1. Of the residues Asp53, Asp57, which is modelled with pLDDT of 95 or more, within 21 Å of Asn136 (Cα to Cα), out of contact with any helix residue (DSSP H, G or I) (no Cβ under 9 Å at 6 or more places or on another chain) and loosely packed, with under 13 Cβ neighbours inside 10 Å?
2. Does the range 13-34 include one or more residues that are at pLDDT 95 or above and over 14 Å from the mean Cα position of the chain (by Cα)?
3. Just for the range 80-107: of the residues that are modelled with pLDDT under 95 and of a type in the set (A, V, I, L, M), which one is nearest to the chain's Cα centre (by Cα)?
4. Go through the range 24-140 and tell me which strands (runs of 3 or more DSSP E), entirely inside it, have 3 or more residues that are without any contact (Cβ under 8 Å) to a residue 60 or more places away in the chain and charged (D, E, K, R).
5. Looking only at the range 17-31, which residues are under 17 Å from Thr109 (Cα atoms) and of a type outside the set (Gly, Ala, Ser)?
6. Would you mention how many residues in the range 19-40 are over 17 Å from Val116 (Cα atoms) and of a type in the set (Phe, Trp, Tyr)?
7. Read through the list (1) at pLDDT below 95; (2) loosely packed, with under 15 Cβ neighbours inside 10 Å, then give the number of the only condition that Pro134 fails.
Amino acid sequence: MRVIALSLALAALSFADTHRDVMHVFGNMASALTAGNPDQFMESFDRGMPDYDTIKDDVIQLVGEGQITSIAEPIHDEGDDRHRTVDLDWTLDIQIPDSPMAPQHRRETVHCRLEVIKGHWRVYSLDPISFFAPRNSDSK
């Protein structure tokens with residue numbers, strides 16, 4: 001009985017560490033947008049994922065438009081210590097400096113799939129990618 005209890009405790013700790021590590025990825029992504037650093041934002045992605053170049057180009061343009069406030073809150077996280085499916089309640093507020101335009105407020109449930117690649121969690125699927133499109137894009 002002690003072995004089962006110990007195994008359950010270790011599994012719970014492992015899940016807590018995995019969850020914390022995955023949430024750290026999204027915290028870094030949100031902070032990178034707020035800091036205006038598209039390269040740091042893109043570090044969390046698998047370069048071989050579909051739409052990688054589209055996301056990168058959109059985020060570069062978005063950051064170039066103005067000041068962004070970005071917050072990503074987890075609403076669903078499941079998987080194991082190699083693959084995760086995460087849904088986030090993501091909010092972006094985009095303000096163009098010295099512009100009479102009101103800040104643009106975006107809020108969306110962003111669905112992501114991650115896997116461990118070379119020892120690091122990487123996003124290999126994100127939907128909708130249009131959430132990170134620049135303000136003047138037809139896709140948003």
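1. Result of the check over Asp53, Asp57: Asp53.
2. No, the range 13-34 contains no residue that is at pLDDT 95 or above and over 14 Å from the mean Cα position of the chain (by Cα).
3. In this case the residue turns out to be Ile94.
4. Because the criterion is at least 3 residues that are without any contact (Cβ under 8 Å) to a residue 60 or more places away in the chain and charged (D, E, K, R), the strands (runs of 3 or more DSSP E) in the range 24-140 that meet it are 67-79, 83-95, 104-117.
5. Result: Val22, Met23, Val25, Phe26, Met29.
6. Count: 0.
7. (2)
The values are calculated or read from the model by the stated rules, or taken from the named source; none is laboratory data. Small disclaimer: the values here were computed from a predicted structure and weren't measured. Here the Cβ is made from the backbone with ideal geometry for all residues, glycine too, and neighbour counts use every protein chain on show.
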